[in-house]
Amino acid sequence: MMKLRYTKQAKEKYRGLTGSQRSFVDQGLDQLKQSKKNVSQLENKDLGLTIVCEQHADMVLVKDILYEAYRKSDNYRDAQKE
């Protein structure tokens, strides 16, 4: 199984994820660690989230996690009003 490494930017963004976003990222990273395929990104369109990575012989480097900050989105603000 491959090891995971994070860039500083990816680590900071991981800390800012909501529960469902973090679940997707955790599941995606588990898949990457076990995958034999060379994948450069995983995407979840429903969550608007993309994991950008590089795979090396024995390591997956998570370079960035792209997402809309949910707490700043219109959906979050609307939910707080109800």
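Where a number appears in this text, it was derived from the coordinates with a stated rule and is not lab data. Predicted model, so just to flag it, every value in this text is computed and none were measured. Virtual Cβ from ideal backbone geometry, glycine too; neighbours counted across all protein chains shown.
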Query - Around Gly28: net Lys/Arg minus Asp/Glu count, Cβ-Cβ under 12 Å - result: -1
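Which trypsin sites (Lys or Arg not before Pro) in the stretch 1-39 pass both tests, a DSSP loop state and at most 11 other beta-carbon atoms within 10 Å? Let's see the in-between values first.
Details: sites: Lys3, Arg5, Lys8, Lys11, Lys13, Arg15, Arg22, Lys33, Lys36, Lys37; in loops: Lys36, Lys37.
Those that pass, being in a loop and sparsely packed, are Lys36, Lys37.
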Report summary line: Phi-derived 3J(HN,Hα) across the stretch 63-68 with the Karplus relation (6.51, -1.76, 1.60, θ = phi - 60°), rounded Hz, x for Gly and Pro, is 8, 7, 10, 9, 6, 8
Query - Long-range amide H partners of Val60 with built H, under 5 Å - result: Lys3, Leu4, Arg5
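Peptides 54-61, 42-49: what's the order by average Cβ count within 10 Å, highest mean first? Write out the running numbers ahead of the final one.
On the way: 54-61: 12.9, 42-49: 14.5.
Descending packing order for the listed peptides: 42-49, 54-61.
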